[in-house]
Amino acid sequence: MYYVQDEKMATIAGELGVSRSTVSRMLKTARETGIVRISLSPLTSVASRLSRQLGEEFGVRADVVPVRASRPDHVLLDAVAKLAAERLQEAVTPGTTIGVAWGTTLSAVVKFLQPQPTDDVHIVQLNGAANSSTSGIPYAASIVSQLAAAFSADAMFFPVPAFFDYAETREAMWRERSVRRVLAAQATCDLAVFGVGAISGRAGSHVYRAGYFDSDADRLSILREGVVGDVCTVLLRRDGSYLDIELNKRATGPNPEQLQMIPRRLCIVAGEAKAVPALAALRANAATDLVIDERTARLVLSLARGTN
């Protein structure tokens with residue numbers, strides 16, 4: 001009556017025989033429980049043009065989020081996360097298996113998911129989370145659990161380190177039945193959702209800020225190899241290459257080639273500090289869909305064309 005028939009609250013209250021405040025509470029409850037979902041679709045010419053240019057340059061379906069230059073980083077992240085949550089919910093249908101890579105951006109996205117119970121949906125964690133100083137489990141599990149709760153889905157966790165200390169240990173673990181079960185589930189994903197990690201700056205990835213590379217040897221290796229960031233904890237160079245980076249032999253997330261086996265791959269980018277790793281991810285063909293803020297979209301295109 002309110003949203004479709006455009007009736008006033010007072011009119012609705014009279015028809016239902018309740019108070020106007022009761023109608024207001026019912027509408028609030030409808031939004032909170034997901035019965036009613038409100039989305040904003042700004043169609044500015046600048047954002048549309050950037051979306052088209054990103055599609056032409058990288059072959060992705062791009063959504064560019066207009067954000068005023070004066071907005072602080074956390075407001076920018078929330079604006080991108082809100083639209084990404086909408087795109088994610090639109091992509092989920094009965095029978096979907098979603099692979100999720102934990103990170104700062106995904107932590108923001110799951111906060112904006114509305115309840116959308118959907119039959120036969122499965123959530124699979126794509127990369128391990130532990131390191132030498134923390135299990136990483138509460139952080140990663142919170143993201144996976146919130147995603148599962150939004151769709152009333154079951155969740156499969158991946159209780160291994162983000163990076164093993166030795167490549168040989170990773171190879172041995174990959175032969176374990178419990179790990180093979182998770183890897184097999186990852187291979188059935190219809191949709192992957194992930195951010196990109198930057199190695200430095202205020203928007204530095206959780207991987208680089210939370211002790212996952214705490215040895216001098218690892219940090220020197222990152223510099224020597226020309227690493228600019230990561231996708232699913234797989235390290236990338238600016239040109240999108242990754243296969244010969246030594247640390248990737250110890251990484252637990254799927255590399256871009258493995259991600260390409262997943263039909264739809266939603267990459268979410270917020271903040272100019274993420275522009276270079278976003279370019280690397282796009283050059284590696286890691287994504288089919290992109291949600292990105294306007295300022296960062298401009299910078300990615302500028303970098304790709306060699307004008308910056």
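The values are calculated or read from the model by the stated rules, or taken from the named source; none is laboratory data. From a predicted model like this one, the values you see are computed outputs, not experimental measurements. Here Cβ is always computed from backbone atoms with ideal geometry, including for glycine, and neighbour counts include all displayed protein chains.
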Taking first residues from segment 294-308 that are under 15 Å from V60 (Cα atoms) and second residues anywhere that are surrounded by fewer than 19 Cβ atoms within 10 Å (Cβ to Cβ), the pairs with Cβ under 6 Å that are 6 or more apart or on different chains are L301/Q53; A304/E57
Picked from segment 114-138 (must be modelled with pLDDT under 95 and buried (at least 17 other Cβ atoms within 10 Å of the Cβ)), the residue nearest to I35 (Cα to Cα) is Q114
Among the residues that make up segment 231-251, is at least one of them closer than 19 Å to V100 by Cβ and touching a Cys at 6+ places or on another chain (Cβ under 7 Å)? no
Given the conditions (1) in contact (Cβ under 8 Å) with a residue 60 or more places away in the chain; (2) out of contact with any helix residue (DSSP H, G or I) (no Cβ under 8 Å at 6 or more places or on another chain), every one holds for P72 apart from (1)
